[in-house]
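K.L.:
First the structure, then my questions, so here it is.
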Amino acid sequence: MKERPQDEFNLRLEALTEALRGLKKPEQLKAFLTDLCTPNELVALADRWEVAQRVSQGQPYREIQEQTQVSTATVTRVSRSLKFGDGYKQALKSFKGERRG
């Protein structure tokens, strides 16, 4: 990862957050992500989201790894973020609310 001063990184992350927040339609967000990320980055993001959903449902790590073909390190990292972070939790709550309709 590129070394940047923390202040510069925070400003850029805030600008990216605002850009994402401004996209209201799913197709707009998908187009932006497709432009922003490489195909491999998109695969990694989608994999992590799938793992987060499965971990939150209590699926065993080994089963997640076998079914998704992600590394055990990825499963562990996502699980740790779910346990100690807030981002996945908020997204999962929002996602589940949308799916209920």
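Derivation of every value follows stated rules applied to the coordinates shown; laboratory data play no part. No experiment lies behind these values; they were computed from the predicted model shown. Note that we place each Cβ from the backbone using ideal geometry, even for glycine, and neighbour counts take in every protein chain shown.
K.L.:
Below 8 Å between Cα atoms, with a sequence gap of 6+, how large is the relative contact order for the chain in percent?
P.N.:
16 percent
K.L.:
Compute the helix-to-body angle for 26-36: its Cα long axis versus the longest principal axis of the chain, expressed 0 to 90° and rounded to tens.
P.N.:
Rounded to the nearest ten degrees, it is 80.
K.L.:
Of the labelled options (1) 31, 26, 19; (2) 33, 30, 21; (3) 39, 38, 27, which one gives Cα extents along the principal axes in Å as computed for this structure?
P.N.:
Label (3) holds the value from this structure.
K.L.:
If you plug each phi of region 2-16 into the Karplus form 6.51 cos²θ - 1.76 cosθ + 1.60 with θ = phi - 60°, what whole-Hz ³J(HN,Hα) values come out, in order, with x for Gly and Pro?
P.N.:
Rounded to whole hertz, the list is 5, 7, 9, x, 4, 4, 5, 4, 4, 5, 5, 5, 4, 5, 5.
K.L.:
Something else now. What's the magnitude of the charge dipole for the chain around its Cα centre, counting Lys and Arg as +1 and Asp and Glu as -1 at the beta-carbon? Answer in Debye, nearest 20.
P.N.:
460 debye
K.L.:
May I pose another question? Could you give each residue of region 39-44 its phi-based ³J(HN,Hα) in whole Hz, using Karplus coefficients 6.51, -1.76, 1.60 with θ = phi - 60°, and x for Gly or Pro?
P.N.:
x, 5, 5, 5, 4, 4
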